[in-house]
Every structure is written in C-alpha cells, then in structure tokens.
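Before any comments, here is the structure.
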Amino acid sequence: MSVTNSEPGFLLMDDKFHPLATNENAVQILTFPNGSDKIKHLQLFLRDKIRSGLVNHQSKDLEFVRQYQSGRRRYVCRSFQLFSDLSENHPVAIVLDRNSSGITMTSDLIAQFDITPREQETVQLLLQGLTSKEIAKRMNISPNTVKAFLRLVMVKMGVSTRSGIVGRFARSGEPNPGERPANQSNTFQELAHPSDLRQ
C-alpha cells in the first residue's frame, strides 16, 4: 500500500495523544507501509505512532516535530491547540502536508509573464511539491497537458527547468528586511512550544 493522495493528512487528538478523529490520508501516512487494514488495534497504533514519530524527543519541553517522513515522502507537520469553553481539555490538531517550498505565486509575476489561469493552477500545484501525475489528477487533465502548461510557463519566464520556475517565484516572494509574515490563522494557534498540553 502506498500513499498516493496528495491531500493533507488531518489528525485530531486529546492531550494524552489519543486520536479523536482522522481523515484517510493521515491514517495512510502514519500506517505506511503496512496499511490500516493489517492493523488490529488502529487507535492504539496511532497513539503509539504519535508518541514515537510526531513528538520531538530531542526537546526538553513537549514539542512536535516539524517534518515527518513516511516512506520516501516527507511531510510538513503543523500542530494547533484548540480551545473551547465547553471543556477544560485542549485537543490538538495535526496537519501533515507534503513537504513543499512554502512559495506562493505573486500577482506581479503573473501579470509580468502573462500567465493564464490554467497555467497559474498548474504552477501553484508545482510549488506545493506535486508531481506531474498528481497535478494531472488534481486538475483532471493528462500528465502530458501538465507538461505542456509548464513548458509554456518556462518559455514565458525564460527558464529551462521546473526548478527555474520555482526559483523565480521564490525570489519574488522574499520578504523585505525586518518584515514579519502575517498570521495566517485567526482560528487556531500554532504550537511553537506546546508545553501547555501538560496538565
């Protein structure tokens, strides 16, 4: 069994690392290469996997890893503590996303190189670290069409490789000195040092 879906894995757990809810992709990522159908006690397996694979044991405080490797694939691991007035417990949400460049498209480059909406969609998925086959599946087109879109973008941007496209957007997205990135979430608080999980 292999992890072929490029959608993020989502895992909700309590402060004792017991899984409360997961999506299929998170289960695939954490159980690879065995597969959930071969595991008798999946909840216990996931709890142990969280403790052994997602908790950063090199930290003195309770902290989650920043990257998780499943097979040959690496995933960015982001943790969010959730708060509720209805409970004293604070569950934690874990998002496992394919390791990507973190680069986003800028409107200046899109306008400068006259990149069409379909080409924009292709490049955005490329920047997320997806392969041609994965991009094709997302866009419901053939891998050859994906390659054609990327070749057009290469010609427009004056580069000869996919990494050249990524490099152009990476340079355009570099923050000014002293500039702090905006908070991307008003709902969740990302755990830099989640020692608050301890009771």
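Within the range 132-158, the set of residues being touching a residue at least 60 places away in the same chain (Cβ under 8 Å) and either surrounded by fewer than 16 Cβ atoms within 10 Å (Cβ to Cβ) or in contact with a helix residue (DSSP H, G or I) (Cβ under 7 Å, 6 or more places away or on another chain) (or both) comprises just one member, Arg138. For the range 63-72, a tally of residues being among the charged types (D, E, K, R), surrounded by fewer than 16 Cβ atoms within 10 Å (Cβ to Cβ) and in contact (Cβ under 8 Å) with a residue 24 or more places away in the chain returns 0. Summed over the range 5-22, residues that are under 23 Å from Glu63 (Cα atoms), without any contact (Cβ under 8 Å) to a residue 60 or more places away in the chain and surrounded by 15 or more Cβ atoms within 10 Å (Cβ to Cβ) total 3.
Okay, residues lined up against (1) of a type in the set (Asp, Glu); (2) modelled with pLDDT under 90; (3) under 21 Å from the mean Cα position of the chain (by Cα); (4) assigned by TED's automatic domain parsing to the domain that holds Cys77:
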| position | (1), (2), (3), (4) |
| --- | --- |
| Lys156 | no, no, no, no |
| Glu179 | yes, yes, no, no |
| Asn186 | no, yes, yes, no |
| Pro194 | no, yes, yes, no |
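Being acidic (Asp, Glu) and part of a loop (DSSP other than H, G, I, E, B) is the filter; apply it to the range 39-71 and report the residue that is nearest to Arg98 (Cα to Cα). Filtering first and then ranking leaves Glu63.
State all residues of the range 11-38 that are among the hydroxyl-bearing types (Ser, Thr, Tyr) and outside any strand (DSSP E or B); if no residue qualifies, say none. Steps first, please.
If we filter the range 11-38 for residues that are among the hydroxyl-bearing types (Ser, Thr, Tyr), which is where we start, we get 22, 31, 36.
Across the range 11-38, the qualifying residues are Thr31, Ser36.
The values are calculated or read from the model by the stated rules, or taken from the named source; none is laboratory data. Worth saying up front: this structure is predicted, and the values here are computed from it rather than measured. A quick note on method: Cβ atoms are made from the backbone with ideal geometry, for glycine too, and the neighbour counts reach across all protein chains shown.
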